[in-house]
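Here's the structure, in structure tokens; my notes come after.
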Amino acid sequence: MKTVSALAGFVVGAVLLLVPAATSPLSTASPEPAGLHSGPWAWPLDPVPTVLRAFDPPAQRWLSGHRGVDLAGNPGARVGAPSDGIVSFVGQIVDRPVLVIDHGSGLLTSLEPVRSTLARGAIVSTGDEVGMIGTGSHCTGRCLHWGLRLDGRYIDPLLTIHDTRPSVLLPLD
């Protein structure tokens, strides 16, 4: 169990290093090194959606679990790129249309069910429309499933959106 906790801590730390820290007016973060994505992360749906089902990874990679988050959304709703990247896959997987964006540095976003007219190799920026919610989802057409992998391991995509840094209390004077 200590190995799983240590791995989870490492993954969260790695993601936080890749996510821009400029979400606070008190941020003193320096620019990111070359090769990392350049834009901030955003929700793939607008307005900010309700999370219908949270990330719930399996105890072991081969067990069942929920390897992403389900966001409330209806078929036909616009889906945006959560961060800058290159479309690496657009197509059908089993019974649903899937779109994958490679953000570099080992980060891949998967969005399903998403109908898209983009082709593999298309360059997208944060917020660009990448498609529309389609049908064939495991949540019966009322959601968008957003998955995020770091070097092949699924991680919680909400780590890229929520500010998980500790609060800092400043003196009143």
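Throughout, read-outs are computed from the coordinates displayed, never taken from laboratory work. Keep in mind that what you see is a predicted model, and the values were worked out from it rather than measured. FYI the Cβ positions are ideal-geometry reconstructions off the backbone, even for glycines, and counts take in every protein chain you see.
Length gained on full extension, Asp56 to Glu129, computed as 0.36 nm times the residue gap minus the Cα-Cα distance: 23.5 nm. Diffusion coefficient of region 55-173 by Stokes-Einstein, Kirkwood radius over Cα pairs, 25 °C, 0.890 mPa s: 162 µm²/s. Applying a DSSP loop filter and a limit of 13 other Cβ atoms within 10 Å to the chymotrypsin sites (Phe, Trp or Tyr not before Pro) in region 38-82 leaves Trp62. Taking the average, over residues, of other Cβ atoms within 10 Å as the packing measure, peptides 116-126, 64-74 rank 64-74, 116-126 from highest down. Amide H contacts of Val79 (H built 1.01 Å from N, in plane; Pro and chain starts excluded): Val130, Gly131, Met132, Ile133 sit under 5 Å, all sequence-distant by 5 or more or on other chains.
Roughly what percent of Cα-Cα pairs across region 39-105 reach past 21 Å?
Here the long-distance tail beyond 21 Å is 38 percent of all Cα pairs in region 39-105.
Averaging 1/r across all pairs of distinct Cα atoms in region 113-173 and inverting the result yields a Kirkwood radius of 15.2 Å. Look at the alpha carbon pairs under 8 Å that are at least 6 residues apart: their mean separation over the length of region 87-173 gives a relative contact order of 25 percent.
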